[in-house]
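The values are calculated or read from the model by the stated rules, or taken from the named source; none is laboratory data. Only a predicted model underlies this, so the values are computations on that prediction, with no experimental measurement involved. Cβ atoms come from the backbone with ideal geometry, glycine included; neighbour counts cover every protein chain shown. To get the accessible areas, we keep the full protein, side chains included, count just its heavy atoms, and leave off ligands, DNA and RNA. Shrake-Rupley method; radii C 1.70, N 1.55, O 1.52, S 1.80 Å.
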Amino acid sequence: MNAVNYQKLYERTVAALGERRPKLLLHVCCGPCAAACLEELSARFDVTIFFYNPNIAPAAEYDRRLENARRLVEAMPLSHPVRFLAGEYHPEDFLSAVKGLEGEPEGGARCRVCFALRLRAAARAAQEIGAEFFTTTLTTGPRKSAQTLYEVGKVIGEEASVAYLPSDFKKRGGYEHSLAVCAAYGIYRQNYCGCPFSHSGAPEHKS
């Protein structure tokens, strides 16, 4: 069976919209990941960014990523205005959700639970603002599985009656574009995904 190309699936979904610009709730994990896709998404959707990442530790790291995500939105010359929402930071919610999975390898069961925690909050936020779609910038990360995120997001979207927009933002030069945008605007690039169990893994984004 051929692997699904989630970036092509994204492109087909967007093409089917025609001239419509529906509301999109975009879960943002960090400035570097948002840098890969924000220009494109804001041209096709009425975007509200939702920064919700209780997995990030320590708190100073969370604050730094939140600040840089805001700075990115303010600095980029986007074709349409983008709203910014920040969820509450409760790292205990993440620790409770992944209890017993602390020793899982990067990309394993712990990450899937973490994705679900954040995407479920994003779907609720999408409901609250009346968004037709929600998605996440997580697929920009070289070590993040677009397939896993699609599987998790699709189920949550069906539960919330908000369509999950498929993507693989690392494709078609997306990751390289994020490097260029962050360099242009001085956006901080972290070297681990955020959770306290990932510090010893390979870098997520080179600083």
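Key figures for this structure:
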item	result
Ratio of the Cα radius of gyration of the stretch 103-207 to 2.2 N^0.38 Å, where N counts its residues	1.13
Theoretical ellipticity at 222 nm over the chain - DSSP helices of four or more residues, -39500 (n - 2.57) apiece, nearest 500	-14000 deg cm²/dmol
Solvent-accessible area per residue, Å², over the chain with all protein chains present [probe radius 1.4 Å]	46
Most fluctuating residue given options Ala15, Ala36, Ala163, as computed from a GNM of the chain linking Cα atoms under 10 Å	Ala15
Choice from Ala35, Ala183, Ala122 with maximal GNM fluctuation in the chain (Cα, 10 Å cutoff)	Ala183
Ratio Rg/Rh, restricted to the stretch 99-162 and using Cα atoms, in which Rh is the Kirkwood radius	1.00
For the stretch 1-34 and the stretch 95-122, distance of Cα centres in Å	23
Modelled label reach - His90, point 7 Å along Cα→Cβ, the stretch 38-78 residues with backbone N closer than 18 Å	51-57, 59
Karplus 3J(HN,Hα) series, Hz, for the stretch 147-156 with 6.51 cos²θ - 1.76 cosθ + 1.60 (x for Gly, Pro)	5, 4, 5, 5, 4, 5, x, 5, 5, 5
Amide H within-cut-off set for Ile49, under 5 Å, with H built and near neighbours excluded	Leu26, Arg83, Phe84, Leu85
Distance in nm between pseudo-label sites at His80 and Ala183 (7 Å out along the Cβ direction from Cα)	3.1
Correct choice for Cα extents along the principal axes in Å that was computed from the model, options [x] 58, 45, 40; [y] 71, 38, 31; [z] 47, 38, 37	[z]
